[in-house]
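Below you'll find the structure, written out as structure tokens, and then a few comments.
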Amino acid sequence: MRIENEDVPDAQLVGNARSGDAQSFEILFDRYYAMIHAFAYRVCLVETEADDIAQETFIRAARGISNFRGTASFKNWLYRIAHNALIDWGKKAKRHRDKQVDFAAELDTRAQARTPDYADIHFALKQLSPDLREAVALVYFEEMNHREAADAMDCAETTVSWRIFQAKRALKKLLKEKEGESHE
């Protein structure tokens, strides 16, 4: 089936993609790639890694589309896949400490090129654990409510609320410390 209109609802595109229509999956890819890439970057804070995570998310989605049950929206299903890809990325990063040194150097270079305010926020986000950064990214950047974020992270809604609370507290402290350093 040839789809001429890119305004076709996700449900129809998913149904077509489940039946093997590559063009439908391509439209879904075009529709959601930037969103998934931005989410991955907000969690891992490394552009090249975000590229890999977003690509891995869509590879997994393409392989698993036939198993998509539709109990969640396609968008939330992609976030869940991205969440799992980020978990795998975190495990890989722990196994490859030497690569983390390179990532840190890239982050420092990028942070220095940004405006001072953004660099401070970037620095503070870097200090958070990946779990806290992911909760912040989903709630504040992806504008999900705590229930949606919990579904994407495969955890309880109260866990998301607690992570947001911890992240806010940590960010406030880190930014206050950073501000104190700049006034000295």
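Things to note:
- Selected residue (criterion: nearest to A135 (Cα to Cα)) from residues of the range 148-184 that are of a type in the set (D, E, K, R) and under 20 Å from the mean Cα position of the chain (by Cα): R163
- Any chance I27 is surrounded by 13 or more Cβ atoms within 10 Å (Cβ to Cβ) and either farther than 23 Å from E134 by Cα or over 15 Å from the mean Cα position of the chain (by Cα) (or both): yes
- Condition check for Y32: surrounded by 18 or more Cβ atoms within 10 Å (Cβ to Cβ) and modelled with pLDDT of 95 or more: yes
Yes or no, residue by residue, for (1) surrounded by fewer than 16 Cβ atoms within 10 Å (Cβ to Cβ); (2) at pLDDT below 90:
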residue	(1), (2)
H96	yes, yes
E106	yes, yes
Q112	yes, yes
D117	yes, yes
E142	no, yes
A149	no, no
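- E56 meets the conditions (1) free of Cβ contacts under 8 Å to residues at least 60 places away in the same chain; (2) charged (D, E, K, R); (3) more than 21 Å from D151 (Cα to Cα) in every case but one. The failed one is (3).
- Across the range 152-161, a minimum of one residue is classified as surrounded by 15 or more Cβ atoms within 10 Å (Cβ to Cβ) and in contact (Cβ under 8 Å) with a residue 60 or more places away in the chain.
- Within the range 16-40, being assigned to a helix (DSSP H, G or I), over 19 Å from N76 (Cβ atoms) and not aliphatic (A, V, I, L, M) holds for N16, Q23, E26.
- Checking L128, L132, L171 one by one, the residue that is farther than 22 Å from H37 by Cβ and at pLDDT 85 or above is L171 and no other.
- Candidate set: the range 49-94, residues that are outside any helix (DSSP H, G or I) and not polar (S, T, N, Q); chosen: the one surrounded by the fewest Cβ atoms within 10 Å (Cβ to Cβ): R69
- Just one of (1) within 24 Å of M153 (Cβ to Cβ); (2) part of a helix (DSSP H, G or I); (3) more than 11 Å from the chain's Cα centre (by Cα); (4) touching a residue at least 12 places away in the same chain (Cβ under 8 Å) fails for L13. It is (1).
The values are calculated or read from the model by the stated rules, or taken from the named source; none is laboratory data. Only a predicted model underlies this, so the values are computations on that prediction, with no experimental measurement involved. Glycine also receives a Cβ, built like all others from the backbone with ideal geometry; neighbour counts cover every protein chain displayed.
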